[in-house]
Amino acid sequence: MKIRIAKPSDAYHIAKVQIDSWQSTYKGILSEDYLKDLNYKTKELKWYNILQNQTVYVVENLDEEIVGFAHGGPSEKAVCPTFTGELYSIYLLQHYQYQGLGKLLFDAVASELVNEGFSSLKVFVLDQNPSRLFYEALGGKEIEVTSVKIHGIDYREIVYGWENIGTKL
């Protein structure tokens, strides 16, 4: 397995990982219609634009196929403003979960944030997402409960935080 910085040409593969991950992770949590209607081309364009000026890390399997990614930067949400860095997304295809790859991706984003001068980090996770235990295992502390609207439905989100990410690496 190899972690590297994504290129704009990786946009489709990142979109595919995101949608496929959502469809497996959020089945039974989010609306079936919503999950079914997720569109690779729409997500590809979104990721292509992000990759023009933001750093995204991808993990490749031995066949050099992208099987996961992570993306972070300055906090985009006003919740818990003392946590200035944010992990925006981290996804792995179901078959590649529970192999330590998520931690490697998390560490890559956290290290980049430290290098950019951020000392703290937060992430927003649906409370019904079984992967939220991943953040607890990495030492994330529940710092807030908020909500998010997805496809017209309100869902509870847990905000996990790390006060000093430099010591976590």
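The values are calculated or read from the model by the stated rules, or taken from the named source; none is laboratory data. For clarity, every value in this text was computed on a predicted model and none was experimentally measured. Cβ coordinates were reconstructed from backbone atoms using ideal geometry, including for glycine residues, and neighbour counts include every protein chain displayed. Heads up: the accessible areas ignore ligands, DNA and RNA and are worked out on the full protein's heavy atoms, side chains in. Shrake-Rupley method; radii C 1.70, N 1.55, O 1.52, S 1.80 Å.
From most to least packed by mean Cβ count within 10 Å, the peptides 109-122, 144-157 give 109-122, 144-157. Our estimate of slack between VAL79 and ASP154, defined as 0.36 nm per intervening residue step minus the Cα-Cα distance, is 25.3 nm.
Of all lysines in the structure, the ones whose alpha carbon falls short of 27 Å from that of LYS43, not counting any fewer than 8 places away in one chain, are LYS2, LYS7, LYS16, LYS27, LYS77, LYS103, LYS122, LYS149. The local environment of VAL145, defined by Cβ-Cβ distances under 9 Å, has a net charge of -3 under the rule Lys, Arg +1 and Asp, Glu -1. Would you mind counting up the charge near ASN49? Only other residues with Cβ under 14 Å from its Cβ, with Lys and Arg at +1 and Asp and Glu at -1. Computed value for this residue: +2. Between THR146 and GLN54, the contour length at 0.36 nm per residue exceeds the alpha carbon distance by 30.5 nm. Short-range pairs are left out: with C-alpha atoms under 8 Å and at least six residues apart, the relative contact order of the chain is 21 percent.
When a 1.4 Å probe is rolled over the protein heavy atoms, the share of accessible surface on the chain that falls to carbon and sulfur comes to 50 percent. Take every Cα pair under 8 Å whose residues are at least 6 apart in sequence, average their separation, divide by the length of the range 1-60, and the relative contact order is 64 percent.
When only Cα pairs below 8 angstrom with a gap of at least 6 residues are kept, the range 76-152 shows a relative contact order of 40 percent. Here the range 1-74 and the range 91-169 have alpha carbon centers that stand 16 Å from each other.
Under the membrane-span-like helix rule (DSSP H runs whose alpha carbons stretch at least 18 Å along the helix axis, mean Kyte-Doolittle hydropathy 0.0 or higher), the chain yields 101-115. For the chain, the mean residue ellipticity at 222 nm estimated from helices alone is -9500 deg cm²/dmol, where every DSSP H run of n ≥ 4 contributes -39500 (n - 2.57) and the total is divided by all residues, rounded to the nearest 500.
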